[in-house]
Amino acid sequence: LGAFHQKKKIYYLEAGLRSYNLNHPYPEEAYRQMISRISDVNLCPTKLSRDNLINERVSGECHVVGNTVLDNLLPYKNKCKYTNKILITLHRRENHHWMDKWFIEINKLAKQNQELEFILPLHPNPNVQKYKHLLTNVNVIDPLDHNELLDILTKCKLVISDSGGLQEEGSFFNKKVIVCRKTTERPEGIKTGHLLLCKEPRDLQSKFNHLINNYVINKKCPYGDGHSSLKIKKLIDI
């Protein structure tokens with residue numbers, strides 16, 4: 001907004017992600033729609049995100065470049081394997097009102113599948129921390145830095161998460177992700193089979209049971225190839 005007021009050129013990275021529901025994700029969806037209206041150049045991760053902006057008739061240029069979050073993952077690509085680990089992250093505001101129900105269902109899964117290690121780096125938000133006692137069969141650990149998280153992600157069998165980034169990172173490593181949200185602004189992964197939407201805690205067990213026997217996937221990541229920065233560099237006018 002400050003750049004717009006000073007008539008500075010705005011390059012919008014990760015432009016065009018849409019759920020078209022202002023409450024999911026909140027507040028990101030509203031900010032994304034606002035920023036794309038005033039951006040000079042929209043750097044879109046996918047063709048769908050570019051199409052969203054074209055349909056919204058934004059005034060800026062729109063280019064498909066992939067997402068730069070994947071550029072950092074290239075050194076880890078050849079380290080991927082499937083082990084008995086299940087990676088879990090839950091933290092979004094939209095889930096705070098029933099975080100206890102998500103945790104109860106996750107703990108049930110861990111109890112029913114003791115041959116698997118359910119690992120949950122617990123978010124520091126008090127609305128998440130206060131339900132820690134419900135995770136009696138889960139390996140609850142402190143928050144991890146990104147490299148430590150990637151180490152688990154490359155080794156896990158599948159992911160349970162409400163994170164936007166993990167939807168892309170999991171897809172890049174061909175790890176299926178159960179997305180614990182009402183909707184996702186990254187629907188491309190649903191089409192490829194990388195993502196499975198779980199809208200309510202009561203549905204988690206059936207979604208998990210479906211994937212745990214069908215967890216292997218080998219398809220092109222829909223969110224980029226890990227070379228987004230080079231594509232963006234060619235577009236930046238400096």
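The values are calculated or read from the model by the stated rules, or taken from the named source; none is laboratory data. Note that this is a predicted model, so its numbers are computed, not measured. Positions of Cβ are backbone-derived with ideal geometry, glycine not excepted, and every protein chain shown enters the neighbour counts. Surface accessibility is based on the protein's heavy atoms, side chains included, excluding ligands, DNA and RNA. Shrake-Rupley method; radii C 1.70, N 1.55, O 1.52, S 1.80 Å.
Go through segment 211-220 and count every residue that is surrounded by 13 or more Cβ atoms within 10 Å (Cβ to Cβ) and either over 15 Å from ILE190 (Cα atoms) or over 22 Å from the mean Cα position of the chain (by Cα) (or both).
In the first step, residues of segment 211-220 are kept if they are surrounded by 13 or more Cβ atoms within 10 Å (Cβ to Cβ); the result is 211-212, 215, 217.
Retained after the next criterion (residues that are either over 15 Å from ILE190 (Cα atoms) or over 22 Å from the mean Cα position of the chain (by Cα) (or both)): 212.
The number of residues fulfilling the criteria is 1.
Whether any residue in segment 221-230 is out of contact with any Cys (no Cβ under 8 Å at 6 or more places or on another chain), surrounded by 21 or more Cβ atoms within 10 Å (Cβ to Cβ), among the aromatic types (Phe, Trp, Tyr) and closer than 27 Å to LEU48 by Cβ is what I want to check. Yes, some residue in segment 221-230 is out of contact with any Cys (no Cβ under 8 Å at 6 or more places or on another chain), surrounded by 21 or more Cβ atoms within 10 Å (Cβ to Cβ), among the aromatic types (Phe, Trp, Tyr) and closer than 27 Å to LEU48 by Cβ. Within segment 121-145, restricting attention to residues that are over 13 Å from MET99 (Cβ atoms) and in contact (Cβ under 8 Å) with a residue 24 or more places away in the chain, the residue that is surrounded by the most Cβ atoms within 10 Å (Cβ to Cβ) is VAL138. ILE160 meets each of the listed conditions (1) assigned to a helix (DSSP H, G or I); (2) aliphatic (A, V, I, L, M); (3) under 20 Å from ASN84 (Cβ atoms) apart from (1).
Select the strands (runs of 3 or more DSSP E) contained entirely in segment 25-120, then report the ones holding at least 1 residues which are farther than 22 Å from LYS9 by Cα and open to solvent by less than 10 Å² (accessible area, probe 1.4 Å).
Numbers: elements: 41-44, 61-64, 85-89.
Hits in segment 25-120: 85-89.
Of the set (1) closer than 16 Å to GLY164 by Cβ; (2) at pLDDT 95 or above; (3) not hydroxyl-bearing (Ser, Thr, Tyr), all apply to ARG57 but (1).
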